[in-house]
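Contents: one structure, followed by commentary.
The values are calculated or read from the model by the stated rules, or taken from the named source; none is laboratory data. No experiment lies behind these values; they were computed from the predicted model shown. Neighbour counts are summed over all protein chains in view; Cβ atoms, including those assigned to glycine, are modelled from backbone coordinates with ideal geometry.
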Amino acid sequence: MGGGLDPFSALFDAQAQGIGLQEWLQQEIARKAQKSLQNHIGTFHENIISSIPSWAKHSGVVDLISHNQKRIAEVKNKYNTTKGNHKRDIYDDLAGQIAVYYPVYTAYYVEVLPPPHKRYNELFTPPDNRNKTNRPPNPQIRRIDGYSFYALITGEQHALRHLYETLPRVMADIQGRGELVGDEFLGKLFGQVYG
């Protein structure tokens, strides 16, 4: 695993789980691989959204832009990926973009995976830990979950669900398999997050 492994943490974690260090190491390898995959899922969503007509990746401060829809977006895969002080920085970046370059656009901070069963398209007013206040409400700066964002930009209410349901067939085709990867839990997993 390399020098980044904390042997004390490994010992305590393995002991707490009632497993040996070798088994713990295998779990840790799988956990790190899963974390790496989740980091790439945000890029996956950026690529999917940039393939929607009028949307493109943006090489500047924000991830995505649509001049036709007059929207810019910063996309994060999961609601708890970004800590509070970084959310403040995202707000400031979005505010700067609409103030200087896109004064008639709406800026979105997109959390593809929201807290379970939550959908929102609301003003984005993250906390500023330095002065114990929140960033001021601005109707052009919004926080939105992935389901609502996909619906907003495509005009298709269930666009994210359709994408999710299509992926097993696409993955099977890419892998040269005839069968689908998904099973009866496919819809259940999606429903646990998006309702």
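Search region 134-155 for residues that are within 19 Å of residue 62 (Cα to Cα) and pair each with any residue that is acidic (Asp, Glu) and modelled with pLDDT under 95 when their beta-carbon atoms are under 9 Å apart and the residues are at least 6 apart or on different chains.
135/128
From the residues in region 69-92 that are under 19 Å from residue 148 (Cα atoms) and at pLDDT 95 or above, which one is surrounded by the most Cβ atoms within 10 Å (Cβ to Cβ)?
Top of the filtered list is 72.
Of these, 22, 26, which one is more than 17 Å from the chain's Cα centre (by Cα) and surrounded by 10 or more Cβ atoms within 10 Å (Cβ to Cβ)?
26
Report whether or not residue 27 is out of contact with any helix residue (DSSP H, G or I) (no Cβ under 6 Å at 6 or more places or on another chain), under 29 Å from residue 135 (Cα atoms) and of a type in the set (S, T, N, Q).
no
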